[in-house]
Amino acid sequence: MHLDGYGLFVKDMGAMIRFYRDVLGFAIKEAEDADNVYLVKDGTLFLLYGRKDFEKLTDKRYEYLKGVNAHSEMALYVDTFAEVDEQYAHALANGATSLMEPTTEPWGQRTCFIADPEGNIIEIGSWNKPYAEKDL
């Protein structure tokens, strides 16, 4: 099996599209008004499913968390420590909730945590080197 994408079940499709597209830089793969919206970031497919549409498709009802949920985390990488601070400020100015301000950790990574408009946790971090070299 190959990982094909990662999906979130969303309540407010418009707000989530605008956040991931306009704030975090994901590209929309099809029309904004689709029931299921496919976004792409660095070659990875990211799916937004309308909660009601998914329930209709599977003929089941589900429980959804309210507020910030800590069931998963998406990690985004930037090349420099300064970019961590810049992207954090940009996200907060555009609807993100701060969970942890940018901090340089004892292990050498600068990182911060935000939540998207529906409470999903996102980390923005850097090892202060280009992405291609971060794991070397």
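The values are calculated or read from the model by the stated rules, or taken from the named source; none is laboratory data. Model, not experiment: these values are computed from the prediction. A quick note on method: Cβ atoms are made from the backbone with ideal geometry, for glycine too, and the neighbour counts reach across all protein chains shown. Please note that ligands, DNA and RNA were not included when accessible areas were found on the heavy atoms of the full protein model with its side chains. Shrake-Rupley method; radii C 1.70, N 1.55, O 1.52, S 1.80 Å.
Identify the residue in segment 1-24 that is part of a loop (DSSP other than H, G, I, E, B) and touching a helix residue (DSSP H, G or I) at 6+ places or on another chain (Cβ under 9 Å) and, among all such residues, is farthest from T97 (Cα to Cα). Even if it seems obvious, please write down each step before you answer.
Just the residues of segment 1-24 that are part of a loop (DSSP other than H, G, I, E, B), to begin with: 1-4, 11-12, 24.
Among the residues that remain, those that are also touching a helix residue (DSSP H, G or I) at 6+ places or on another chain (Cβ under 9 Å) are: 11, 24.
Values: K11: 17, L24: 14 Å.
Step by step, filter segment 1-24, then rank; the result is K11.
Across segment 47-80, which residue is modelled with the highest pLDDT among those that are closer than 30 Å to P130 by Cα and small (G, A, S)?
By that ranking, first place goes to A75.
Listed here are the residues, each with its yes/no results for (1) open to solvent by 40 Å² or more (accessible area, probe 1.4 Å); (2) of a type outside the set (A, V, I, L, M, F, W, C); (3) at pLDDT below 95.
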site	(1), (2), (3)
P106	yes, yes, no
C112	no, no, no
G125	no, yes, no
K134	yes, yes, yes
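Looking only at segment 51-64, filter to residues that are out of contact with any Phe, Trp or Tyr (no Cβ under 8 Å at 6 or more places or on another chain) and under 21 Å from R18 (Cα atoms); which one of those is most open to solvent (accessible area, probe 1.4 Å)? Outline the logic, then answer.
Taking segment 51-64 as the starting set, the residues that turn out to be out of contact with any Phe, Trp or Tyr (no Cβ under 8 Å at 6 or more places or on another chain) are 52-53, 56-61, 63.
Subset that is under 21 Å from R18 (Cα atoms): 52-53.
On the way: K52: 166, D53: 61 Å².
The residue in question is K52.
Give the residue that is farthest from D116 (Cα to Cα), with candidates limited to residues of segment 56-77 that are of a type in the set (A, V, I, L, M) and not in a strand (DSSP E or B). Explain how you work it out, then say what you get.
Residues of segment 56-77 that are of a type in the set (A, V, I, L, M), as a first pass: 57, 65, 68, 70, 74-76.
With the extra rule that they be not in a strand (DSSP E or B), the set shrinks to 57, 65, 68.
Working: L57: 25, L65: 13, V68: 9 Å.
So, considering only residues that are of a type in the set (A, V, I, L, M) and not in a strand (DSSP E or B), the one farthest from D116 (Cα to Cα) is L57.
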